[in-house]
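Everything below concerns the one structure shown next.
The values are calculated or read from the model by the stated rules, or taken from the named source; none is laboratory data. Remember, it's a predicted structure, so these values are computed and weren't measured experimentally. Note that we place each Cβ from the backbone using ideal geometry, even for glycine, and neighbour counts take in every protein chain shown.
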Amino acid sequence: MNSALFASMNGWSDSWYREHKLPLLWSVGERVLEIGAGTGANFSYYPPRTEVLVIEPNQHMHVHLRQRAKEFDLKLRIINGVGEKLPLDDQSQQSVVGTLLLCSVQSASKVMDEVARVLKPGGVYHFVEHVAGNSGVRTFQNIMKMPWRLTFSGCNLLANTEELLEQDKRFETLMATLDLGPRWLPIRPHIVGRAIRVAA
């Protein structure tokens, strides 16, 4: 899926994410690391002048990130990398953001290993993810999983992210399960919350 089409979807998807993203992301602090920022869909939720360090492997997204950062008065730095191998020091970050991230990476568990590594004790991972549904929703997701994966850069409709976060003892995770988005889309339900890094 090309970057221009991703960018055009920001305003549309904002209509159902905004209520939950705003309180989640407004409190990230003066500096934040965002993994897989795409076209900068989250930039409107950060306070002006926030220092945003982005890990984004798709260089076609970078032009949109710069435009959005300028639009929302953010201090942006982009690193062309992946979440499974963050080029950052241990315990160097206080606040990390990943939204609609773990469904599309090569290894969600490796990404969380890296998040745990770079977060300071007491640091927070802020997340919004769509996850596998139940009964009829899961049937729909199974039907759509291959065309969806091909269209949306490898996105996995059946991601078991909720269990991954709940079972990770390196974090104290607070999350809510929400039915966000149009019912004709297979990306329901969502989980929204914060995972606080527990001191080793």
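Taking residue 184 and the conditions (1) among the aromatic types (Phe, Trp, Tyr); (2) outside any helix (DSSP H, G or I); (3) surrounded by 15 or more Cβ atoms within 10 Å (Cβ to Cβ), which numbered condition does it fall short on, given that it satisfies the others? Going through (1) among the aromatic types (Phe, Trp, Tyr); (2) outside any helix (DSSP H, G or I); (3) surrounded by 15 or more Cβ atoms within 10 Å (Cβ to Cβ) one by one, residue 184 breaks only (3). Quick one: which strands (runs of 3 or more DSSP E) sit completely within the stretch 1-79 and have at least 2 residues that are of a type in the set (Val, Ile, Thr), at pLDDT 95 or above and crowded, with 19+ Cβ neighbours inside 10 Å? Of the strands (runs of 3 or more DSSP E) lying wholly inside the stretch 1-79, those with at least 2 residues that are of a type in the set (Val, Ile, Thr), at pLDDT 95 or above and crowded, with 19+ Cβ neighbours inside 10 Å span 31-35, 51-55. Looking only at the stretch 80-108, residues that are assigned to a loop (DSSP other than H, G, I, E, B) and either touching a helix residue (DSSP H, G or I) at 6+ places or on another chain (Cβ under 8 Å) or within 14 Å of residue 154 (Cβ to Cβ) (or both) come to 17 in all.
If you check 171, 140, 127 for being among the aromatic types (Phe, Trp, Tyr) and either in contact with a Ser or Thr (Cβ under 8 Å, 6 or more places away or on another chain) or at positive phi (or both), only one passes: 127. The set of residues in the stretch 24-36 that are without any contact (Cβ under 8 Å) to a residue 40 or more places away in the chain and in contact with a helix residue (DSSP H, G or I) (Cβ under 9 Å, 6 or more places away or on another chain) contains only 26. State yes or no: is residue 114 at negative phi, in contact (Cβ under 8 Å) with a residue 60 or more places away in the chain and acidic (Asp, Glu)? Against the criterion (at negative phi, in contact (Cβ under 8 Å) with a residue 60 or more places away in the chain and acidic (Asp, Glu)), residue 114 does not qualify. Cβ-Cβ contacts under 8 Å between residues 6 or more apart (or on different chains), taken from a first residue in the stretch 156-179 that is assigned to a helix (DSSP H, G or I) to a second residue that is surrounded by fewer than 17 Cβ atoms within 10 Å (Cβ to Cβ), are listed as 162/177; 164/109. If the condition is being at pLDDT below 90 and crowded, with 16+ Cβ neighbours inside 10 Å, then the stretch 148-181 contributes 152, 180, 181.
Quickly run through the stretch 109-126 and pick out the residues that are assigned to a helix (DSSP H, G or I) and either touching a helix residue (DSSP H, G or I) at 6+ places or on another chain (Cβ under 6 Å) or under 17 Å from residue 31 (Cβ atoms) (or both). Of everything in the stretch 109-126, those that are assigned to a helix (DSSP H, G or I) and either touching a helix residue (DSSP H, G or I) at 6+ places or on another chain (Cβ under 6 Å) or under 17 Å from residue 31 (Cβ atoms) (or both) turn out to be 115, 118.
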